[in-house]
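Asks: Have a look at this one before I ask anything.
The values are calculated or read from the model by the stated rules, or taken from the named source; none is laboratory data. What you see is a predicted model, and the numbers here were worked out from it, not measured in a lab. Note: ideal-geometry Cβ built from the backbone for every residue, glycine included; neighbour counts use all protein chains shown. Accessible surface is based on the protein model in full, side chains and every heavy atom, while ligands, DNA and RNA are left aside. Shrake-Rupley method; radii C 1.70, N 1.55, O 1.52, S 1.80 Å.
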Amino acid sequence: MHRDIKGDEMTLKKNDDIRLEITAFTSLGSGIGRFENMAVFVDGTAPGDEITAHIIKVKKNYAVGKLQKLHRKSKLRTESDCAADARCGGCAYRHIKYVGELDIKRQTVTDAMKRIGGLDLECEEILSVRVPEYYRNKAQIPVGLDNEGKIITGFYSKKSHRIIDCEECKLQHKDFPRLVEAVKGYMYENPVTVYNEQTGDGLIRHIYLRQGVKTGETMVCLVINGDTIPGKERLVEKLLETGLDIKSVVLNKNKKDTNVVLGEECETVYGSDYIEDELCGLRFRISPLSFYQVNPEGTELLYGRAREYAALTGDEVLLDLYCGAGTIGMTMAENARQVIGVEIIPQAIENARENARLNGIENMRFICDDAKGAAKTLYDEGIRPDVVVVDPPRKGCSREVLETIAKMSPDRVVYISCDPATLARDCAIFAELGYEVQKLSAVDMFPRTVHVESAALLCRTEER
C-alpha cells in the first residue's frame, strides 16, 4: 500500500510504503523522518533526502523503514565505496561525505550533554584523522562456511551472526587481507574444520590480527575450539610467505559456548608472545589479550587533548583510573611528579608494569584494585591526587566511583569516554558533587562508524 506523507490519518502499518523527508540522524546512524507525527527510522539515509520507505516494523511511538526509492538526494550524500556496505554491520556513514559525518558526531556529543546531562554545553570541536580509511590495527574476523562448503571470512551482518564474505574492509589495515588468505590457504591444505555456532562443533572460530603500525610488527592469532591444530609448521610457512614482518603466531583456546571472541589461554607457536608498537613517542608491548587502542593516529589526538586538559606542571600527583595497560598515564608521566595507575584486571596491570619498565618510567606505580579500594589505599598513605584521569568502559562509572573521586578532592578530572550518553550522565552527577565541566571536545577515533570518543575537563568548584 503506497501512501503520501500528506495523506489521510490512517494508522501506519507494517508493509506500508510511505513518502518521507529525512530531517535528522539518530546517534546510531539511522535517518529520521516523521509520518503522522510518528518518528520513522531508516538506515542508509541522510538529512535532506526525500524517499519512499517500506515499513518493516511499527511500535507505539516509532516505526522502522527500509529505503525503497530515493527521490531527492541530500547534499551530504556520496557514493559508497564498499560493495559490502549495505549488508555489513560495520559502517553507518559510508554513504555521506566525511565532513558531514564529523558535524554529526560533534552534534551528537553536544546533544547528549543537553538531553541526558541537562548541561548547556557545546562540544568545542571534533579532532579527526588525516585519512579515514584503513586505520584499524586490530581485526577479529569470524570464519564460516557457505552453502557449498567454501570457507568464508568477513564481518557479521547488522544485528546478527551471519557472516558477510568480504575480502577487504575499508576500515582494516591494508595488510590484513593477505594474512587472511594465507590462513585460508593453510586451512584448505590441512584437515581442519570450521566452528559452527549452532552445534558447537568445528575447530577454527576466528582469525585475530594485530599490527604495530609504527613498527610493522604483525601478530596472527587463530581462535580455536580445541587445544591445538594440525600442521602448525605449515600455517607459519604460509604466513611467512606473505613477506610481512610476522613476529608472533599464537593459538587462542576458546572452547566455551559464548559470543566472547577470545579465551583466556594462549599458546605461542612461532616467534614472540607479543609485538611492539610506538605511541606518543613511547614503546608498548602488545600481547593477544592486551588492551591497545585500534586507531593509533586517533589515539595520539585523544591523548594529546587529555594532556592539554590535565595541564600538568611537574608537581602534580596524577591518578589514572581504569588505566588498562597504562598508556594514558605513561604519556603524561614526564610532566607529573607521580602517576598512579589503577586497574582491576591483573594481566593488564602486569602489562602496564612491563611497559613502564620498557620506557624507563620510574615515577609511576600501579595498584590492582577497583576505584574504591585504591582510594582507601591512597588515603591511608596520605596521598591526594591533584588530577584524576578516567577512561571507563562504555557503561561509564558507577555513582560510587564518582563519589570516591570527589572525596579525593582533585583540582581537575579529565574524563575520556567512548559513549557520549554515559559521559553526559556522569558529568551531571559530578555537578552534584562539586565539579563543573569547563571544556568538552570529541575525537573521531572510528571514522565511518557510529562511535565517537569525547574528552571533558571538570574542575572543582569549591576549595579543598
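Asks: Would you mind checking which residues have amide H under 5 Å from Val389's amide H? H placed 1.01 Å from N; only 5 or more apart, or other chain.
Replies: Leu319, Asp320, Leu321, Val414
Asks: So if I take the centroid of the Cα atoms in region 196-212 and the same for region 47-110, what is the distance between those two points in Å?
Replies: If we compute the Cα centre of each part, the gap is 31 Å.
Asks: Can you tell me the relative contact order of region 17-137? Whole percent, Cα pairs under 8 Å, sequence separation 6 or more.
Replies: Rounded, it is 17 percent for region 17-137.
Asks: Please compare each pair in Lys14/Lys69; Lys13/Lys60; Lys150/Lys170; Lys138/Lys256; Lys138/Lys174; Lys105/Lys159 to a cut-off of 19 Å on the Cα-Cα distance and tell me which ones are over it.
Replies: Lys150/Lys170; Lys138/Lys256; Lys105/Lys159
Asks: Here is a further query. Determine ³J(HN,Hα), in whole Hz, for all residues of region 439-444 in sequence, where each value follows from phi through the Karplus function 6.51 cos²θ - 1.76 cosθ + 1.60 and θ = phi - 60°; x replaces Gly and Pro.
Replies: Result, rounded to whole Hz: 9, 8, 9, 10, 9, 7.
Asks: What does the C-alpha gyration tensor say about the overall shape of region 322-464? Classify as rounded when a/c is under 1.5, otherwise prolate if a/b is larger than b/c, or oblate.
Replies: In terms of gyration-tensor shape, oblate.
Asks: Run the simple label-point estimate for Thr242 and Thr199 please: 7 Å along Cα→C-beta, distance reported in nm.
Replies: With each label point 7 Å from Cα toward Cβ, the separation is 2.9 nm.
Asks: For the charge dipole of region 257-332, defined by +1 on Lys and Arg C-beta atoms and -1 on Asp and Glu C-beta atoms about the Cα centroid, which residue among Leu302, Tyr292, Thr327 has the Cα displaced farthest towards the positive pole?
Replies: Leu302
Asks: Sticking with this one: Distance between the C-alpha centers of region 373-414 and region 340-360? Whole Å please.
Replies: 18 Å
Asks: Compare the Cα positions of Pro385, Ala442, Ile164 along the charge dipole of the chain (+1 at Cβ of Lys, Arg; -1 at Cβ of Asp, Glu; about the Cα centre) and return the one farthest towards the positive end.
Replies: Ranked along the dipole, the leading option is Ile164.
Asks: Using heavy-atom solvent-accessible surface (probe 1.4 Å) with all chains present, what is the largest-first order of His71, His95?
Replies: Accessible-area ranking of His71, His95, largest first: His71, His95.
Asks: How much accessible area does Tyr322 have with a 1.4 Å probe, in Å² rounded to the nearest 10?
Replies: Approximately 70 Å² for this residue.
Asks: Sticking with this one: Using a 1.4 Å probe over the heavy atoms of the protein chains, calculate the carbon and sulfur portion of the accessible area of the chain as a whole percent.
Replies: After summing per-atom areas, the C and S share lands at 48 percent.
Asks: Could you state how much accessible area Leu76 has, in square angstrom rounded to the nearest 10, with a 1.4 Å probe and all protein chains kept in place?
Replies: 50 Å²
Asks: Given a Förster distance of 22 Å, report the FRET efficiency between Ser272 and Glu297 from their Cβ-Cβ distance, rounded to the nearest 0.05.
Replies: 0.30
Asks: For Phe25, what accessible surface area do you get with a 1.4 Å probe? Give it in Å², rounded to 10.
Replies: Near enough 40 Å² of accessible area.
Asks: While we're on this one: If the only charges are +1 at each Lys and Arg Cβ and -1 at each Asp and Glu Cβ, what is the size of the charge dipole of region 1-110 around the Cα centre, to the nearest 20 debye?
Replies: Dipole of region 1-110, to the nearest 20 debye: 160 debye.
Asks: How much accessible area per residue does the chain have, in Å², with a 1.4 Å probe?
Replies: 46 Å²
Asks: Which shape class applies to region 227-298: rounded if a/c is under 1.5, otherwise prolate when a/b exceeds b/c and oblate if not, where a ≥ b ≥ c are the square roots of the Cα gyration tensor eigenvalues?
Replies: Oblate.
Asks: Right, something else. Please give the FRET efficiency for Gln338 paired with Lys159, using the beta carbon to beta carbon distance and R0 = 45 Å, rounded to the nearest 0.05.
Replies: 0.45
Asks: Taking R0 as 41 Å, what's the FRET efficiency between Arg77 and Asp380 from their Cβ-Cβ distance, rounded to 0.05?
Replies: After rounding to 0.05, the efficiency reads 0.10.
Asks: What is the sum of charges around Ile56, taking Lys and Arg as +1, Asp and Glu as -1, for the other residues whose C-beta is under 12 Å from the C-beta of Ile56?
Replies: +2
Asks: Which Cα, out of Tyr62, Tyr135, Ala112, lies furthest along the positive dipole direction of region 1-147 (beta carbon charges, K/R +1, D/E -1)?
Replies: Tyr62
Asks: In whole angstrom, note down how far apart the Cα centers of region 232-264 and region 423-454 are.
Replies: 37 Å
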